[in-house]
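The values are calculated or read from the model by the stated rules, or taken from the named source; none is laboratory data. Source: prediction; values computed, not measured. Cβ coordinates were reconstructed from backbone atoms using ideal geometry, including for glycine residues, and neighbour counts include every protein chain displayed.
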Amino acid sequence: MSTVSVEQEGTVQVAGLTLQYRQSGTGEPLLVLHHDIGSPAWLPFYEQLAQRFTVRVPSHPGYDGSERPEWMRSVWDLAVVYQCAIRALGIEHPALVGLGFGGWVAAEMATMAPGRFRRLVLVGAMGIHPPAGEIFDQALVNTQVYIHTGLQDANAFEAAFGVEPSVDQLEQWEINREMTFRIAWLPYMYSQTLPYLLACVDTPALVVWGDQDRIVPLSAGERYAEVLPNARLEIVRGGGHFLDLERPDELAMLIARFCES
């Protein structure tokens with residue numbers, strides 16, 4: 001996988017768990033919550049953001065380098081753990097960026113403490129049932145097929161994971177997927193209450209969606225932009241679900257302009 005140097009790797013103790021995080025850059029704090037496939041390395045997308053912000057990318061509990069909580073049963077639980085992690089890390093008034101599944105977690109966090117976040121960015125976020133279409137059921141395919149389904153640029157997979165992902169990577173994907181199913185299976189990848197709670201979140205929000213997203217239909221993005229009182233929708237033409245992998249420069253610029261405005 002293509003990586004760049006990371007200034008700091010660390011852990012934080014939250015809710016009896018050891019969470020791993022990576023950090024780089026200087027400037028205003030920006031917290032990035034990763035996809036359901038995990039984020040085992042420092043990606044070019046993160047490095048682009050780190051040129052303008054102090055970027056922290058934690059691994060979700062039960063994913064990649066973070067300890068698995070056997071007690072966790074919902075995305076709400078995960079969001080509460082992250083609220084505690086922000087306090088433990090001493091992060092003040094960060095911008096919050098959620099990618100895919102991480103976008104759902106970020107949306108739940110915003111409903112818990114709207115005033116805590118300077119900006120909210122949701123990129124291809126799960127969490128809301130699409131008014132048109134359905135969220136892709138990753139249980140029907142292996143993770144490689146799932147990622148390819150979420151990419152419009154086939155070369156982005158090889159650039160991120162190599163021609164043939166390692167055995168360790170394949171195993172980690174399965175561990176991550178099992179954790180996703182544990183906390184987000186019924187109903188699959190959305191909350192029945194979240195759309196109503198988001199009406200209380202007046203944090204400036206940017207909703208970013210690829211118009212060719214085959215994992216979460218664009219109608220979900222339109223719904224997010226509708227229910228959030230202070231949101232706008234930015235559509236990336238020709239983009240898929242994993243915009244951070246296939247359009248890192250463009251996505252980072254959209255986020256930077258919004259968070260610096």
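So here's what we get for this one:
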item: For residue 215: the one exception among (1) touching a Ser or Thr at 6+ places or on another chain (Cβ under 7 Å); (2) surrounded by fewer than 20 Cβ atoms within 10 Å (Cβ to Cβ); (3) not in a helix (DSSP H, G or I); result: (2)
item: One residue from 222, 178, 158, 171 being surrounded by fewer than 14 Cβ atoms within 10 Å (Cβ to Cβ), farther than 21 Å from residue 245 by Cα, out of contact with any helix residue (DSSP H, G or I) (no Cβ under 9 Å at 6 or more places or on another chain) and charged (D, E, K, R); result: 178
item: Qualifying residue in the stretch 68-80 (condition: basic (Lys, Arg), assigned to a loop (DSSP other than H, G, I, E, B), touching a residue at least 12 places away in the same chain (Cβ under 8 Å) and surrounded by fewer than 24 Cβ atoms within 10 Å (Cβ to Cβ)); result: yes
item: Scan of the stretch 104-119 for residues that are buried (at least 24 other Cβ atoms within 10 Å of the Cβ) and either over 15 Å from residue 56 (Cα atoms) or free of Cβ contacts under 8 Å to residues at least 12 places away in the same chain (or both), ordered by number; result: 104, 105, 107, 108, 109, 110
item: Filtered residues of the stretch 203-249 (kept if touching a Gly at 6+ places or on another chain (Cβ under 8 Å) and among the acidic types (Asp, Glu)); result: 211, 213, 246
item: Whichever residue in the stretch 187-212 is within 16 Å of residue 36 (Cβ to Cβ) and part of a loop (DSSP other than H, G, I, E, B) and, among such residues, is farthest from the chain's Cα centre (by Cα); result: 187
item: Output for the stretch 225-243, where each listed residue is crowded, with 24+ Cβ neighbours inside 10 Å, under 17 Å from the mean Cα position of the chain (by Cα) and under 23 Å from residue 260 (Cβ atoms); result: 243
item: All positions within the stretch 202-260 that are of a type in the set (S, T, N, Q) and in contact (Cβ under 8 Å) with a residue 40 or more places away in the chain; result: 203, 212, 219
item: Close pairs from the stretch 1-19: first surrounded by 12 or more Cβ atoms within 10 Å (Cβ to Cβ) and in a loop (DSSP other than H, G, I, E, B), partner at pLDDT 90 or above and of a type in the set (Asp, Glu), Cβ under 8 Å, at least 6 apart; result: 4/47
